[in-house]
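Novice: Quick one: the structure is below, and I'll ask about it shortly.
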């Protein structure tokens, strides 16, 4: 939703805390529901594959890791579009918001089509970088060749969703996600195990179900942004043409986010290389741990999106004081929710992993991962909110540099040292990951406090004040 006009002028009466909270949750609940849904569906889909074999888990996880490089493009498009559309809406420039969304759709879809072709033709060579065992390489290659053709549809959903979220509409992307994820689960159920009279196709069936759901989701996304009820006011008739100036602005804003994503994915590739050296079960435990960990961070993923949108609209409307008030409330709720979900990871790891696999060795290893990650969930989620606020204000470079410092200066060197020099094995890799999250939280907080619009109070002082000030 858009910030009410009266909030965009310092001289008008300010909203109460209750009004601030209501505005946040009207924007937040669709994004949070979308994230929780993706988490739940991801758990169910992983469980469907996980009960086939450890090989199946590793094959799907390794193929997904390879395609994650595409997320760098998605991140550039999504971040740049959301920030600039939010600022345009906050300033009352809706025509510019429409033009920005069109640029994201055209550029994103065409570039990802090219990338999908590369993954299809070079699947085996790309996966061979990880040095998997021959049987695992064969399974990964077939899966990757199929899922690569869903990538352009994801680009459409990403660009459309970014434009809608920037305009304040988080409900429509949520509804599309509901449809895509439910369809994906039903397709997995039918094609993995051979239900509804269809053949049992294993992980190949999972790949087919995924791309069918993604393309139908892409069609829905196009209809959503060009329909008569769209907040953006686009139409299928266009004009659908490049605007080099606005595209350059999107890329200038989004490329640091793409760089951040590339740092993430490159580091993840190296970590995966480390982990595969400890065997298929270690890789399976890592993949299942990542999926189970989403139980903690997916419910609060919407807080970062909300921070970007609300801060972007407030800064676009030249009202940084409202941005600060929104951010205080977001910090409080993100911390409160994460405290509950992190406790589940720490005290119930075996129960959670038991839903995903029946392999006792994998459960035992994965439980170590979840307990380590549980200790860093609050710093991780607060960092996400602060980074979202920085992006909303136009500072997309700082999160990139912080990610690079943490991943390449802390995570990778310590992972190698702990795992191989100190002989801690895969647990050493996970210990380094945990320490990295704490370091990046400190760096993010330090950078955030230096932003010009933040004001004089530290994070802790402002947080306490926001909870004690009468409404």
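The values are calculated or read from the model by the stated rules, or taken from the named source; none is laboratory data. Quick caveat, the model's predicted, so the values are computed rather than measured. So basically every Cβ, Gly included, is an ideal-geometry build from the backbone, and we count neighbours across all protein chains shown.
Novice: Looking only at the stretch 221-233, which residues are modelled with pLDDT of 75 or more and within 9 Å of residue 172 (Cβ to Cβ)?
Specialist: Matches in the stretch 221-233: 221, 224, 225.
Novice: Further, regarding this structure: Tell me the residue from 413, 470 that is modelled with pLDDT under 95 and over 22 Å from residue 308 (Cα atoms), please.
Specialist: Among 413, 470, only 470 is modelled with pLDDT under 95 and over 22 Å from residue 308 (Cα atoms).
Novice: Given (1) at pLDDT 80 or above; (2) under 14 Å from residue 247 (Cα atoms), where does residue 136 come up short, assuming only one miss?
Specialist: Checking residue 136 against (1) at pLDDT 80 or above; (2) under 14 Å from residue 247 (Cα atoms), the one that fails is (2).
Novice: Is there any pair with a first residue in the stretch 372-395 that is at positive phi and touching a residue at least 40 places away in the same chain (Cβ under 8 Å) and a second that is surrounded by fewer than 24 Cβ atoms within 10 Å (Cβ to Cβ) and assigned to a helix (DSSP H, G or I) whose Cβ atoms are under 8 Å apart and which are 6 or more apart or on different chains, and what are they?
Specialist: From the stretch 372-395, the pairs are 394/253; 394/315.
Novice: Where residues in the stretch 334-373 are in contact with a helix residue (DSSP H, G or I) (Cβ under 7 Å, 6 or more places away or on another chain) and more than 20 Å from residue 426 (Cβ to Cβ), which of them is surrounded by the most Cβ atoms within 10 Å (Cβ to Cβ)?
Specialist: In this case the residue turns out to be 334.
Novice: Taking the conditions exactly as written (assigned to a helix (DSSP H, G or I) and over 30 Å from residue 407 (Cβ atoms)), does residue 221 satisfy them or not?
Specialist: Spelling it out, residue 221 is indeed assigned to a helix (DSSP H, G or I) and over 30 Å from residue 407 (Cβ atoms).
Novice: Here's a check for you: in the stretch 185-213, which residue that is at pLDDT 90 or above and within 24 Å of the chain's Cα centre (by Cα) is nearest to residue 136 (Cα to Cα)?
Specialist: Here the answer is 208.
Novice: Further question on the same structure: Residues to consider are 48, 39; find the one that is touching a helix residue (DSSP H, G or I) at 6+ places or on another chain (Cβ under 8 Å), in a helix (DSSP H, G or I), over 30 Å from residue 320 (Cβ atoms) and modelled with pLDDT under 70.
Specialist: The unique qualifying residue is 39.
Novice: Something else now. Does residue 81 fit the bill of being at pLDDT below 80, in contact with a helix residue (DSSP H, G or I) (Cβ under 9 Å, 6 or more places away or on another chain) and either within 30 Å of residue 276 (Cα to Cα) or surrounded by 24 or more Cβ atoms within 10 Å (Cβ to Cβ) (or both)?
Specialist: Spelling it out, it is not the case that residue 81 is at pLDDT below 80, in contact with a helix residue (DSSP H, G or I) (Cβ under 9 Å, 6 or more places away or on another chain) and either within 30 Å of residue 276 (Cα to Cα) or surrounded by 24 or more Cβ atoms within 10 Å (Cβ to Cβ) (or both).
Novice: Take the residues in the stretch 416-447 that are buried (at least 19 other Cβ atoms within 10 Å of the Cβ) and free of Cβ contacts under 8 Å to residues at least 24 places away in the same chain; name whichever of them is farthest from the chain's Cα centre (by Cα).
Specialist: Ranking the candidates gives 418 first.
Novice: Just need a number here: residues in the stretch 197-206 that are buried (at least 24 other Cβ atoms within 10 Å of the Cβ) and assigned to a loop (DSSP other than H, G, I, E, B).
Specialist: The number of residues fulfilling the criteria is 0.
Novice: I need a count of the residues in the stretch 296-321 that are touching a helix residue (DSSP H, G or I) at 6+ places or on another chain (Cβ under 7 Å), assigned to a helix (DSSP H, G or I) and surrounded by fewer than 24 Cβ atoms within 10 Å (Cβ to Cβ).
Specialist: Total meeting the criteria: 4.
Novice: Let me ask something additional. Applying the selection to the stretch 236-246, what residues are crowded, with 16+ Cβ neighbours inside 10 Å and modelled with pLDDT of 85 or more?
Specialist: The answer is 246, and nothing else.
Novice: Further question on the same structure: Having 1 or more residues that are farther than 20 Å from residue 260 by Cα and out of contact with any strand residue (DSSP E or B) (no Cβ under 7 Å at 6 or more places or on another chain) is the bar; report the helices (runs of 4 or more DSSP H) wholly within the stretch 369-426 that clear it. If you could, list the steps in order and put the result at the bottom.
Specialist: Numbers: elements: 377-392, 397-406, 412-416.
Result: 377-392, 412-416.
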